[in-house]
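For reference, the structure discussed in these notes is given below.
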Amino acid sequence: MSFQQVTLSLAAGFLENCRLFFETLLFSIPLGLIISFGSMSKFKPLSYLVKVFVWCIRGTPLMLQLFVVFYVPGLVFGVPMRDRMMAALIAFVINYSCYFSEIFRGGIESIPKGQYEAGQVLGLTKSQIFFKIILLQVTKRIVPPMSNEIITLVKDTSLARVIAVGEILLAAERFAGKGIIWPLFYTGAYFLIFCGGLTLLFGFIEKKLSYFKA
Amino acid sequence: MPVLEVKNIKKSFGKTDVLKGISFSLEKGEVLSIIGSSGSGKTTLLRCLNFLETADEGTICVNGKEIFDSVSHKNLTENEIRDNRLHFGLVFQSFNLFPQYSVLKNITLAPTLLKRGTPEEIEEEAKGLIERVGLSDKTENYPCQLSGGQQQRVAIARALALKPDILCFDEPTSALDPELTGEVLRVVRDLANENRTMIVVTHEMEFAKSVSDKVIFMADGVIEEYGTPQEVFLNPKSPKTRSFLKKDIETNAE
Ligand SMILES: Nc1ncnc2c1ncn2[C@@H]1O[C@H](COP(=O)(O)OP(=O)(O)O)[C@@H](O)[C@H]1O
Ligand SMILES: [Mg+2]
C-alpha cells in the first residue's frame, strides 16, 4: 500500500468529516440563535421547555444521540434512515445548536442593559438595536468560547463512524484491518492541520475585533 | 403654554411605591434641577418620561399634546411610542456609548437610522456637535480611548443630535472622578445658556443653584419642595429639605 494511496483514501474520508463540519455549522449557528431566544423568552412555559431540551441534549452523549437519530425512525416508526450522513448531520445539528445556544445566551445576557436603553431612547427599533448595537458586541464576547466549541466539533465529526459514515477514521480502520497500522496515526495529521487553520482564523477574528472594549 | 406638563405620575415596583403622584410643568428654555437623596425616585421619574418605564398612572403632555396617558398607553403601537419618546433625550449616569463605534458614528448612528437627513448633512451636524462639546480632535476615536468626562460629553452630543424638545440628565457626573466633573458641567451650563429646555438630576448643589430656573426636591416619591433656586436653597419650607441641604453641606465640608 503506497503512501500516496493511503493519503488519497484518507483524504476522501476526511472530505466527509469536512462536509459534516461545515453543514453542522451552517445549520446549528442560526438554530442555536433561535434556541437561545427561546430560552430567554419572557413566556415562561417556552423558556422552561427549551431549557429542559437543552439539558437533555447536553446531558447525554453525542454518540447516543447518533444512535437514536439513526435507529429510532426505523425501529419505532418503520421508516429506516437510509442516508447515514443525513442521520449524522441531524444529530450533530441538534447537539451543537444546543451548545451554541448556551454560548449565545451567555453572550447576549452579558451585554449591559444600558446598551439597549441607549438605543431605545435614541428611538431605534428592537431589531435595529439588536443588529446595529448588540450583535457585534456579542460576537466579540463569544469568539473564544465559540472557537473552543468549533474545534471540538472538528474532532467530534469522527464520531459519525459509529453509524458507519465513511469518514476518515473508518477509512483508516480498513487499513488496520489489513494489518497496516500507520494510516490510523496519519489521520491525526489531517485533524491537526485543519484545527491549526481554524486556530489561525479565530486568532485573526479576535484581533480584528480588538479595536474596541466590550 | 408649557413645553412639558407632567400630571400625577405614579409608579410602583411590586409593593414599593416609588413615585406617588408627581406633577410639574416646565416652560420652554427653562432648566429644572431635581435633587434628593438616593432612592427618592429621581431616576425612575426620568425613566418614566423617556418611556424606559411605564408609569402606572398619570399623563405627560409636550407642547400641549398628550404623549402619555397611563390608560391609553398600552393601545399605542411601538412606532407611536417611539415617536413620542423622541420629544425627550436622556443622558445616562454611565454614558452608555456604543463601544464598537467611533465618536462620530456614535452620534450619527441614530439620525442615520431615523433618516433625519442625507449622510452628508448628518455628518456635518455631528461634527458641529462634537466641536461644541470640545472633542474635535477625538472624532475618530473609540469610547475606550476616552476619559469618563469625554465619554459623557460624547453622550451629550449624541442626545443633542436628535434635537429633543427636552433633554434629561440623570446624574451626569456621578460616575466621574471629581476632577472630570467640571468639563461636563461646563457643557451642560453652555446648553442652559442657549436656552435649551432641560431636566437635570444632580447631586452638585452649587451647579443646581446657579444653573437652574426651577428646583424640585424629591423625597420618598413625592415632590417635597418646588421653587426657584433661591426659594429652595435659601428659604426651604420643608424640614426634610432643610435637613437634606444641611447633610449635603456637611458631607462636602468633610
Ligand atoms: N426596576 C426596579 N425594580 C424594583 N425596584 C426598583 C426598580 N427601579 C428602582 N427601584 C426602587 O425604586 C426606588 C427609587 O429608585 P431611583 O428612582 O433609582 O431613585 P434615585 O434615582 O432617586 O436614587 C429605590 O428604592 C429602588 O430600589
Ligand atoms: Mg438615580
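Per residue, what volume in Å³ does the convex hull of the Cα atoms of the range A:102-214 enclose? Before the final figure, lay out each step's value.
Details: hull volume 12.6 nm³, N = 113.
Roughly 112 Å³ of hull volume per residue.
Rank these by accessible area, largest first, 1.4 Å probe: A:L64, B:L19.
Working: A:L64 85, B:L19 5 Å².
Sorted by accessible area, descending: A:L64, B:L19.
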Discussion item. Can you classify chain B as rounded, prolate or oblate using the Cα gyration tensor, where a ≥ b ≥ c are the square roots of its eigenvalues, rounded means a/c under 1.5, and otherwise it's prolate if a/b beats b/c and oblate if not?
Written reply: oblate
Worksheet item: Got a sec? Which residues of the range B:52-81 lose 20 Å² or more of accessible surface with every protein chain in place, vs. that chain alone, 1.4 Å probe?
Response: B:L52, B:E78
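Give, rounded to the nearest 20 debye, the magnitude of the charge dipole that the range B:100-163 has about its Cα centre when Lys and Arg contribute +1 at Cβ and Asp and Glu contribute -1 at Cβ. Could you put the intermediate results ahead of the total?
On the way: 9 positive and 8 negative charges, 61 e Å.
Dipole size: approximately 300 debye.
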Discussion item. At 222 nm, what value in deg cm²/dmol follows for chain B if DSSP H runs of at least 4 each add -39500 (n - 2.57) and the sum is divided by all its residues, to the nearest 500?
Written reply: -11000 deg cm²/dmol
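Taking each residue in B:96-105, count the Cβ atoms of any other chain within 10 Å of its Cβ, then average. What number comes out?
Details: counts 9, 3, 11, 9, 12, 4, 2, 0, 0, 0.
Neighbouring Cβ atoms belonging to other protein chains average 5 per residue here.
Over the whole of A:121-131, what's the average partner chain Cβ count within 10 Å per residue? Rounded to a whole number, please. Don't jump to the answer; show the numbers that get you there.
On the way: counts 19, 17, 15, 5, 5, 1, 0, 4, 1, 0, 0.
Counting other chains' Cβ atoms within 10 Å and averaging over A:121-131 gives 6.
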Fill in: Accessible area per residue, Å², chain B with all protein chains present, probe 1.4 Å
45 Å²
Practice prompt. Take the alpha carbon atoms of the range B:91-163, find their center, do the same for the range A:32-69, and report the distance between the two centers in whole angstrom.
Written response: 41 Å
Worksheet item: Using a 1.4 angstrom probe and counting only protein chains, how large is the accessible area of A:K44 in Å², to 10?
Response: 110 Å²
Fill in: Burial of 30 Å² or greater, the range A:166-214 residues [accessible area, probe 1.4 Å, versus chain by itself]
A:Y211, A:F212, A:K213
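Summing -39500 (n - 2.57) over the DSSP H runs of n ≥ 4 in chain A and dividing by its residue number, what mean residue ellipticity at 222 nm do you reach, to the nearest 500 deg cm²/dmol? Present the calculation step by step, with values, prior to reporting the outcome.
Working: 8 runs with 163 residues, N = 214.
The helix-only estimate for chain A comes to -26500 deg cm²/dmol at 222 nm.
With the other protein chains left in place, how much accessible area per residue, in square angstrom, belongs to the range A:45-146 at a 1.4 angstrom probe? Intermediate values should be presented prior to the final figure.
On the way: 5040 Å² over 102 residues.
About 49 Å² of surface per residue is accessible.
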Item to complete: Go from 0 up to the bin containing the longest alpha carbon distance in the range B:100-163, width 5 Å each, and give me the % of pairs per bin.
Response: 4, 21, 35, 25, 12, 3, 0
Worksheet item: Going 7 Å from the Cα of B:D190 in the Cα-to-Cβ direction, what parts of the range B:103-134 have a backbone nitrogen less than 15 Å from that spot?
Response: B:126-134
Discussion item. Please compute, for peptide B:12-21, the average count of beta-carbon atoms on other protein chains lying within 10 Å of each residue's beta-carbon.
Written reply: 0
Worksheet item: Hey, if you drop one equal point scatterer on each alpha-carbon of the range A:3-211 and run the Debye formula without solvent, what base-10 log of I(q)/I(0) do you get at q = 0.08, 0.12 Å⁻¹?
Response: -0.36, -0.74
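Over 44 Å, how big is the tail of the calculated P(r) for the protein assembly as shown, in percent of all Cα pairs? Don't skip to the answer; put the middle values down first.
Details: 37243 of 109278 pairs.
In whole percent, the share of Cα-Cα pairs in the protein assembly as shown beyond 44 Å is 34.
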Discussion item. For a quick check, take a GNM of chain A with Cα springs below 10 Å and name the residue from A:K155, A:K140, A:K178 with the largest mean-square fluctuation.
Written reply: A:K178
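Taking all protein chains in place and a 1.4 Å probe, what share, in percent, of the accessible surface of the range A:1-137 do carbon and sulfur account for?
72 percent
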Worksheet item: Using a 1.4 Å probe on protein heavy atoms only, how many Å² of accessible area do A and B hide from each other, summed over both chains and rounded to 100?
Response: 2100 Å²
Worksheet item: Rounded to a whole number, what % of the accessible area of chain B do carbon and sulfur atoms account for, probe 1.4 Å?
Response: 47 percent
Discussion item. Charges on Cβ only, +1 for Lys and Arg, -1 for Asp and Glu, centred on the Cα centroid of the range A:3-211; of A:G106, A:M146, A:W182, which one is farthest towards the dipole's positive end?
Written reply: A:G106
Practice prompt. Averaging over all projection directions, find the projected area of the Cα convex hull of the range B:186-233 and quote it in nm² with one decimal place.
Written response: 3.4 nm²
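The values are calculated or read from the model by the stated rules, or taken from the named source; none is laboratory data. Model, not experiment: these values are computed from the prediction. Methodologically, a virtual Cβ is constructed for each residue, glycine included, from the backbone with ideal geometry; neighbour enumeration extends over all protein chains shown. We work out accessible area using only protein heavy atoms, side chains counted, and drop any ligands, DNA or RNA first. Shrake-Rupley method; radii C 1.70, N 1.55, O 1.52, S 1.80 Å.
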